[in-house]
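The values are calculated or read from the model by the stated rules, or taken from the named source; none is laboratory data. Small disclaimer: the values here were computed from a predicted structure and weren't measured. A quick note on method: Cβ atoms are made from the backbone with ideal geometry, for glycine too, and the neighbour counts reach across all protein chains shown.
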């Protein structure tokens, strides 16, 4: 399920175009993003879909480092995205600072909280870690409802100020464009990170923690860094979503989103961060933009995940990669090595 | 903490959590992992019963029997269709099984929401006699049934695991899948029996607990976590340990909100989880093995 399938793809593309690892994924991702943005045009509803997809993608990308690279399933990401969202709400409602500050403060606070939670749960893994982090997500929602003075209670925070970047206020469409760019950039950087020496250590840690520890790497520290990085990315997504929606309540980021975010890399393909992005797009398409069987889109997604897990454990990207290899092999009239 | 009515409520809650924990325990003993879909099984039992009674005017007993059968089917499907293939492919790694179980949990929730609708349905009481008054305490028939069935299922499980052939096989398979397979024991059949029994216990718990606060398709996740916590707090050293863990959580769930306000039990659960997972992850009751 977690084998690297697209590494040959990235390497092959790099040899053909330029020797930059991960450039192939970036090119494909950008092409897909342009196509989606062209499809969206000025349709307000479709723009909302893209923002949702970008948010889902960022939460899934945030989970990518700890969950698929380091192999520990932390499920507190509703809280991290919520922190990013509430940072936007609070900076807008309680301070006179420029709104852009929220995207600095939110990720930092989320990362600090992730480190704290990571320290408390550093000896846990598997089912125990999942249970504690789920409870943490629930407790965070309860806290948001209780702390009315800070978070506005169950009504949440609304009436956000418009974003102002050095006198320039981006329009709604420009925000949609911006979130697509942020997703592409972060996915590309994570792909590079996965292929970097640091990424290789983290991935080895998943499979053989004792060997990594014996080699002189501090596994707990590495785990904390992975968690903090993931939390910060998820907080960026939460902030983007809150800004586009114009308000945030304790129910904005539910545990449902965390479950969806676990499944997105499985749908898309766990081999590369772009798989998480592809999974996010498919998830949004199924859950939000499926008029024929509106109520059962999520059910379809859940069943689809089970089927994918059993039949095509490498996900959509892995499957496409296999097809591509087969196609090339046919074209070159070489024996199929895929 | 002198209000006896609250104590009764806590005991009832504890029995419910205890039964969920028993379902966890059965699968843990037989298959060596925690099946997070226990909560959704219980939700399925409660919600399916209510839905059949409300929509089709079915009697409570046939409705409950159908719901239990459906839940047992789901539990068997979880093992045969998802857990077994995934574990076979991943070779015993914990993460793939965990993700698979999370997917099952999510899928059952969505399935229940799609079939039975998303609003909360009132639970159906299996017992119809008048409330019994003991001193100052009024015991609702549903509470009496919940406590009675919980004690009975724990007693039966204890006897079953200790004294019957299948029960001993269950422990042998759970201790080491490979050794059991080498000895020629029917590993797959025993695991399936564990899942079916767990599904049965969970469905029963859901049906009996539903009258207390109603049930909706999203109840399952919180129940999963409570049951898991109960089995971790109690430990897996004895069949009765999950009941003890459940009782402890029942006290937390009832008395914390009473003294500290509405959401206190959520914080309490997190606190207990952190406390136990950090300092006593093996639980209170541990089977001691002579060295």
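Listing for the model above:
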read-out: Failed condition for residue B:84, given (1) out of contact with any helix residue (DSSP H, G or I) (no Cβ under 6 Å at 6 or more places or on another chain); (2) closer than 22 Å to residue B:243 by Cβ; value: (2)
read-out: Entirely in segment A:214-290, the helices (runs of 4 or more DSSP H) that have 1 or more residues that are over 24 Å from residue A:191 (Cα atoms) and within 14 Å of chain B (Cβ to nearest Cβ); value: A:255-268, A:273-287
read-out: Residues of segment B:50-92 satisfying the condition of being within 14 Å of another protein chain (Cβ to nearest Cβ) and farther than 30 Å from residue B:188 by Cα; value: none
read-out: Helices (runs of 4 or more DSSP H) contained in segment B:17-102 and holding at least 1 residues touching a strand residue (DSSP E or B) at 6+ places or on another chain (Cβ under 6 Å) and buried (at least 23 other Cβ atoms within 10 Å of the Cβ); value: B:38-56
read-out: Residue ID - farthest from the other protein chains (Cβ to nearest Cβ), chosen from residues in segment B:192-239 that are surrounded by fewer than 20 Cβ atoms within 10 Å (Cβ to Cβ) and at pLDDT 90 or above; value: B:196
read-out: Where residue B:114 falls short, out of the listed (1) assigned to a helix (DSSP H, G or I); (2) in contact (Cβ under 8 Å) with a residue 40 or more places away in the chain; (3) over 21 Å from the mean Cα position of the chain (by Cα); (4) within 14 Å of chain A (Cβ to nearest Cβ); value: (2)
read-out: Lone qualifier among A:151, A:78 - being crowded, with 17+ Cβ neighbours inside 10 Å and modelled with pLDDT under 85; value: A:151
read-out: Test for residue B:174: is it part of a loop (DSSP other than H, G, I, E, B) and in contact (Cβ under 8 Å) with a residue 40 or more places away in the chain; value: no
read-out: Of the criteria (1) within 14 Å of another protein chain (Cβ to nearest Cβ); (2) farther than 24 Å from residue B:155 by Cβ; (3) at pLDDT 80 or above, which one residue B:258 fails; value: (1)
read-out: Test set (1) modelled with pLDDT under 80; (2) buried (at least 19 other Cβ atoms within 10 Å of the Cβ) - residue A:29 fails condition number; value: (1)
read-out: Hits in segment A:154-171 (condition: modelled with pLDDT under 75 and part of a strand (DSSP E or B)); value: A:165, A:168
read-out: Residue within segment A:34-48 that is under 17 Å from the mean Cα position of the chain (by Cα) and touching a residue at least 12 places away in the same chain (Cβ under 8 Å) present; value: no
read-out: Some residue of segment B:61-77 being under 20 Å from residue B:99 (Cα atoms), without any contact (Cβ under 8 Å) to a residue 24 or more places away in the chain and over 13 Å from the mean Cα position of the chain (by Cα); value: yes
read-out: Residue that is modelled with pLDDT of 85 or more and within 14 Å of chain A (Cβ to nearest Cβ), where the choices are B:270, B:251, B:243; value: B:270
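Okay, residues lined up against (1) surrounded by fewer than 20 Cβ atoms within 10 Å (Cβ to Cβ); (2) within 14 Å of chain B (Cβ to nearest Cβ); (3) touching a residue at least 60 places away in the same chain (Cβ under 8 Å):
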{"residue": "A:160", "(1), (2), (3)": "no, no, yes"}
{"residue": "A:174", "(1), (2), (3)": "yes, no, no"}
{"residue": "A:182", "(1), (2), (3)": "yes, no, yes"}
{"residue": "A:185", "(1), (2), (3)": "yes, no, no"}
{"residue": "A:210", "(1), (2), (3)": "yes, no, no"}
